[in-house]
There are 2 protein chains.
Amino acid sequence: MNYFSSEFKLGILGGGQLGKMLLYNTRKFDINTSVMDASNEAPCKIACNEFTLGDLMDYDAVYNFGKRVDLLTIEIENVNVDALEALEKEGIKVYPASKTLKIIQNKAKQKLFYVDNDIPTASFSRFAYTSEIKEAVNHGGLSLPFVWKSAQFGYDGQGVKIVRTIADLDGLPNVECIAESLVSFKNELAVIVARNISGDIKSYPVVEMEFHPEANQVEYVICPARIDNDVAKKAKAVALKVSEAFNHVGLLAVEMFQTKDDQILVNEVAPRPHNSGHQTIEASYTSQFEQHLRAILNLPLGRTDSKVGGVMVNLVGDESYTGNVVYKNIETIMKMDGVTPHIYGKKQTRPFRKMGHVTIVNEDLNQARRIAEEVKKSIKVISK
Amino acid sequence: MNYFSSEFKLGILGGGQLGKMLLYNTRKFDINTSVMDASNEAPCKIACNEFTLGDLMDYDAVYNFGKRVDLLTIEIENVNVDALEALEKEGIKVYPASKTLKIIQNKAKQKLFYVDNDIPTASFSRFAYTSEIKEAVNHGGLSLPFVWKSAQFGYDGQGVKIVRTIADLDGLPNVECIAESLVSFKNELAVIVARNISGDIKSYPVVEMEFHPEANQVEYVICPARIDNDVAKKAKAVALKVSEAFNHVGLLAVEMFQTKDDQILVNEVAPRPHNSGHQTIEASYTSQFEQHLRAILNLPLGRTDSKVGGVMVNLVGDESYTGNVVYKNIETIMKMDGVTPHIYGKKQTRPFRKMGHVTIVNEDLNQARRIAEEVKKSIKVISK
């Protein structure tokens, strides 16, 4: 199929900031796009050729949308997978495939998949309901502390809780869940692997996700990670093994722990452009967004090495403000060397809401890291 | 004024490929945009917040459009300057200013401006009508050969003719024009200078425009130019002098000749993102499009040095084809190292029509130049 022609139509499920950054690249290649999202204020709305309002979890909405395109991709995992399966049967190309999404959408299934495929991951127990956990602890089948994770629709900061005492279970939803052993780690690492339909594979350098010591939120993504070569090699090998096991098409972002004794344990994956790859826009030969497109369109994959060192800082809403957003001191950070703000276009801020990110590139990674700290100290996402 | 707020509206006159690349960056900064163009198929149409159909040379169309925005910029020089002047008087910010555009729109005025400001340029004579040239030659006031240029609306390949004999004048339109002495040059060079409202100035490295030996068309833009340091310094100094003379806001692309005896002569300027700066998207710390925005919004200017070597190849329609465009062998070029195609989205190709460009980046500029030659040999812009 000739993608570079107006007869081809690429469908994207989800109209958020990841889709928006993907759309810059569809425009660069002049690819005809259609986006579906539940919000009429979705950032993608003005950058696609065609916008459809629809619930991504609704079978009919996804199915009907998919029938009107040649190839379907996602910018968020939480979509109706049954509809995708039906579309695949009818010859619509869906990347990532429904089988990949099915495993990833459910954290219990995802963990079992790692075990089945001999991929190192923290040990865990699976429960049909949170209420069953108490019993398991009482009978000695599970020991404290552990990490409680809801199986469905869990993502960073939601659906996850560290349980140190039985009382910590109070108030958690009574849903399918896992109890995962609490890993004592030195670093959180990530590797983005790209795979096209022909099976060509390329991986980006290992990045380091530096956490705020108190807030337990990713503060900086640093590319490349400041770790030993041996650890980097091991992390890359594990990421490639995960990619091979999924046999996915498109990007797969593999998040991992580097334990105190330098083991690599897979935490979770995302089958799409990912927060840990935003610095690729400025720092890499090929941005993760262009690479995702190259992969799902079965084009040759681009170079994944870096032109310069890159650090990404997430722009989140200040914890004391809710309302119409104002980016205070944005001119101050734009004065700094190699700083590019990416504003996602959300009108309202609230505590810790992801409003954008800032990339800092420099030929010297340590200098980039220092400037990133200045950025973090200067800019404030507040309201009027 | 807070640009990063939905109350601000940036107006762009012209909806072509330059505007389209500018719009990626307005999206990155979440800046509200309104575009006017005469064509309903303008590439910008789907990437702006609001699109207005209108003739850029029509006073009322430009005036009415300008009244609805806070700041007006252009992506093409040929706009109604009287309307811009009226808007400025009513407090609308216009960058580049009407006075800058007035000089640049008319090649005779532009040349006189260089003379008045002691800027080196090829000698010339000005004529109210082409018909007056014959007389000047007959009376010995002008000697052959020379370059005939129409004063108004001339651009590369149109409105320009090398006149070697009096017969070459036949068929030229009888309009205001200049006769410029034919410069014997080693290289065509260009420097893009950025200037913001506060008067901060930054210039990009000198680039080299390599011409096809027979077709007399720019084939490659090479950044940085492969010239002596002294020549590069001289070219940069001349470009900064031109920028100072214009006292412009936004980008100013200064095209120059390096003569056989290493003099620098200014050929012409463009007060906007320019073909000689497309490689900045992939090769520079700050792309020319982001820089233009930073300048007109009076934000701090970004770094203008390069991360890696960059070469740009123009994608023009094959001379034997007219019709619905097909990009033959695009997958072949995407297999090559550091190659990014930019397809402008024009549906129809015709001989020599500018359909897109390809950037090649590499840590080794000579390697980038070699790959660029492979790109040029491989890709064909044809029709079905």
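Here are the numbers for this structure:
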read-out	value
Counted residues, the stretch A:330-381 - those being surrounded by fewer than 16 Cβ atoms within 10 Å (Cβ to Cβ) and either of a type in the set (A, V, I, L, M) or on the phi > 0 side of the Ramachandran plot (or both)	1
Qualifying position, being of a type in the set (K, R) and at pLDDT 95 or above, among A:K67, A:K45, A:K28	A:K67
Subset of the stretch B:245-264 [of a type in the set (D, E) and over 14 Å from B:I119 (Cβ atoms)]	B:D261, B:D262
Where a residue in the stretch A:280-292 is farther than 19 Å from A:L71 by Cα and assigned by the TED database to the domain that holds A:I201 and its partner, wherever it lies, is part of a strand (DSSP E or B) and small (G, A, S), with Cβ under 6 Å and at least six apart	A:A283/A:S306; A:A283/A:G310; A:S284/A:S306
Residue ID - farthest from the other protein chains (Cβ to nearest Cβ), chosen from residues in the stretch B:286-300 that are in a loop (DSSP other than H, G, I, E, B) and within 20 Å of the chain's Cα centre (by Cα)	B:S287
Close pairs from the stretch A:366-378: first of a type in the set (V, I, T), partner part of a helix (DSSP H, G or I) and surrounded by 15 or more Cβ atoms within 10 Å (Cβ to Cβ), Cβ under 6 Å, at least 6 apart	A:V375/A:I333
Top-ranked residue of the stretch B:267-293 - restricted to ones that are buried (at least 23 other Cβ atoms within 10 Å of the Cβ) and of a type in the set (D, E, K, R), ranked as nearest to B:E188 (Cα to Cα)	B:R272
Residues located in the stretch A:4-22, provided they are surrounded by fewer than 23 Cβ atoms within 10 Å (Cβ to Cβ) and closer than 23 Å to B:V326 by Cβ	A:F4, A:S5, A:S6, A:E7, A:F8, A:K9
The stretch B:1-18 - residue that is outside any loop (DSSP other than H, G, I, E, B) and away from every other protein chain (no Cβ under 12 Å) and, of those, farthest from the chain's Cα centre (by Cα)	B:L10
Residue match in the stretch A:354-376 (condition: assigned to a loop (DSSP other than H, G, I, E, B), among the charged types (D, E, K, R) and under 23 Å from the mean Cα position of the chain (by Cα))	no
Of residues in the stretch B:23-51 being more than 12 Å from every other protein chain (Cβ to nearest Cβ) and not in a loop (DSSP other than H, G, I, E, B), the one surrounded by the most Cβ atoms within 10 Å (Cβ to Cβ)	B:M36
Sole residue being in contact with a Phe, Trp or Tyr (Cβ under 9 Å, 6 or more places away or on another chain), of a type outside the set (S, T, Y) and in contact (Cβ under 8 Å) with a residue 40 or more places away in the chain, chosen from B:L87, B:L72	B:L72
Tally, over the stretch B:301-319, of residues that are assigned to a loop (DSSP other than H, G, I, E, B) and either touching a residue at least 40 places away in the same chain (Cβ under 8 Å) or at the interface with chain A (Cβ under 10 Å from one of its Cβ atoms) (or both)	9
Within the stretch A:324-381, tally of residues that are under 18 Å from B:L299 (Cβ atoms), of a type in the set (S, T, N, Q) and either within 12 Å of chain B (Cβ to nearest Cβ) or touching a strand residue (DSSP E or B) at 6+ places or on another chain (Cβ under 8 Å) (or both)	4
Single residue of B:K161, B:K186, B:K149 found to be of a type in the set (D, E, K, R) and in contact with a Leu (Cβ under 9 Å, 6 or more places away or on another chain)	B:K161
Condition broken by B:G250, with the remaining ones in (1) within 28 Å of B:F29 (Cα to Cα); (2) surrounded by fewer than 24 Cβ atoms within 10 Å (Cβ to Cβ) satisfied	(2)
Any chance B:T259 is more than 8 Å from every other protein chain (Cβ to nearest Cβ), more than 28 Å from A:D30 (Cα to Cα), of a type in the set (S, T, Y) and surrounded by fewer than 22 Cβ atoms within 10 Å (Cβ to Cβ)	yes
Matching residues in the stretch B:217-239 - criterion: being under 17 Å from the mean Cα position of the chain (by Cα) and free of Cβ contacts under 8 Å to residues at least 60 places away in the same chain	B:A239
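The values are calculated or read from the model by the stated rules, or taken from the named source; none is laboratory data. What you see is a predicted model, and the numbers here were worked out from it, not measured in a lab. Cβ: placed from backbone, ideal geometry, glycine included. Neighbour counts: every protein chain shown.
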